[in-house]
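The values are calculated or read from the model by the stated rules, or taken from the named source; none is laboratory data. Computed from a predicted model, the values in this text were never measured in an experiment. Using ideal geometry, Cβ is built from the backbone for each residue, glycine included, and neighbour counts are taken over all protein chains shown. These area figures cover heavy atoms from the full protein model, side chains too; ligands, DNA and RNA do not enter into them. Shrake-Rupley method; radii C 1.70, N 1.55, O 1.52, S 1.80 Å.
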Amino acid sequence: MKIRKSKKNVPVRQAETKQKKGVSQWSIAWRRFKKNKAALAGLVIIGAIVFMAIFSPLIARYPLNYLASLKEEGKIRMPPSARYIFGTDYVGRDVFSQIVYGAGNVLYVGFGAAAIAMSLAIVIGLISGYIGGIVDNLLMRITEIFLVIPFLLILLVFLKVATTLAPSGVGGLSTVTLMIGLFSWAANARIIRGEVLRVKQNEYIEASMSLGASKWRIMFRHVLPNVLHVVIVLTTLQIATAILVEAAVSFLGFGDPNSITWGQQLQGASEAVKEAWWEGVFPGLFITLLVLGFSLLGNGLRDALDPRLRE
């Protein structure tokens, strides 16, 4: 009886030790974000307006501040038509073209003011929440001063003085951006401080301290990355707030008169609301859309990045 020998010398494959790559928190956040249709809609709105700002010379139908209807038809405040799809304003400029050119300035104020405000909020929130003690007490008292002062009134006073001293060109718009950023960081600093107080109780912070890591290293290498989800959400909402504040101060006549923004267009339209409704409706609509876009994006990022909702 023949015994069939098993082939023991068959080449053995190298051990299939495919290690599954760990899914990062950013991958999980992106997966959650893609499921949020409202957040995607907000991202599309913002992307469309950013595209409009970048390619404004190609999208606008007339040059900046060109008196279209006055030069072509000898009239001002022409209603919407095939030639002027959003009508013309009180001096004969095409409203649509002015909106397109104003998008860049609106985004400049929004992102610039948010960068200033969030930089202050991050530094103060981190230092106050992690170091604590007298430093925390002092920084929180300063923060409370900025929270209780009448923000808009003080801002208007500073803007009036600043635009009087530097009334021209981009410098005036930069001054508006700087002032909005310097007066709108306090609430975000308190939120970041509260998150830092929660994060610094974790065991890995104590382990870093026991290994001799400095306070600054722990704050910026361990604490900050773990409060970054809060910072990102607050930044999107801060951009929306800055856009609204700029529109308000420009409408009240305290913005930069030499830079076209949607708030400046609303100011010019306020004189003839009944006679030329289109002059203020369309800039107001674009302000609403942009702020809505950032609000939807912020809410979507909050839901996607919140560690308590991770899968």
Can you give the net charge of the other residues whose Cβ lies under 12 Å from the Cβ of Ser128, counting K and R as +1 and D and E as -1? +1
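Starting from the stretch 228-283, pick out the chymotrypsin sites (Phe, Trp or Tyr not before Pro) whose DSSP state is loop and whose Cβ has at most 16 other Cβ atoms within 10 Å.
Passing sites in the stretch 228-283 are Trp277.
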Fluctuation leader among Leu244, Leu297, Leu58 - the chain, Gaussian network, Cα springs under 10 angstrom: Leu58
In the neighbourhood of Phe96 defined by beta carbon distances under 12 Å, the net charge of the other residues (Lys, Arg +1; Asp, Glu -1) is 0
Per-peptide average of other Cβ atoms within 10 Å, ordering 136-145, 92-101, 110-119 highest first: 92-101, 110-119, 136-145
Given only helices, namely DSSP H runs of n ≥ 4 each adding -39500 (n - 2.57), what is the per-residue ellipticity at 222 nm of the chain, to the nearest 500 deg cm²/dmol? -21500 deg cm²/dmol
For Val91, Val157, the accessible-area ranking with a 1.4 Å probe, largest leading, is Val157, Val91
Would you work out the charge dipole size for the stretch 251-311 about its Cα centre, treating the Cβ of every Lys and Arg as +1 and the Cβ of every Asp and Glu as -1, and quote it to the nearest 20 debye? 240 debye
Once you've got the GNM for the chain with C-alpha springs shorter than 10 Å, pick whichever of Ala38, Ala189, Ala213 has the biggest mean-square fluctuation. Ala213
Treating only Lys and Arg (+1) and Asp and Glu (-1) as charged, each at its beta carbon, one finds that the chain has a dipole about its Cα centre, in Debye to the nearest 20, of 2840 debye
A correct Karplus calculation of ³J(HN,Hα) over the stretch 185-193, with 6.51 cos²θ - 1.76 cosθ + 1.60, θ = phi - 60°, whole Hz and x for Gly and Pro, returns 9, 5, 4, 5, 4, 5, 5, 5, 4
Solvent-accessible area of Leu153 with every protein chain in place, 1.4 Å probe, in Å² to the nearest 10: 110 Å²
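Relative contact order for the chain: what is it in percent, counting Cα pairs under 8 Å that are at least 6 residues apart?
In percent, rounded to a whole number, it is 26.
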Residues of the stretch 281-301 with amide N under 12 Å of the 7 Å Cα→Cβ point at Ala41: 292-293, 296-297
Computed over the chain, Cα set: Rg, Dmax in Å: 27.0, 114
Could you tell me which residue out of Met78, Leu67, Phe33 lies farthest along the dipole of the stretch 27-79 toward its positive end? Charges go on the beta carbon: Lys and Arg +1, Asp and Glu -1, centred on the Cα centre. Phe33
So what's the gap between the Cα centers of the stretch 257-297 and the stretch 205-225, to the nearest angstrom? 47 Å
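Can you give the extra length, in nm with one decimal, that the chain gains between Ser270 and Ala248 once fully stretched, where that is 0.36 nm per residue apart less the Cα-Cα distance?
On the way: separation 22, 0.36 × 22 = 7.92 nm, distance 1.26 nm.
Result for the pair: 6.7 nm of gain on full extension.
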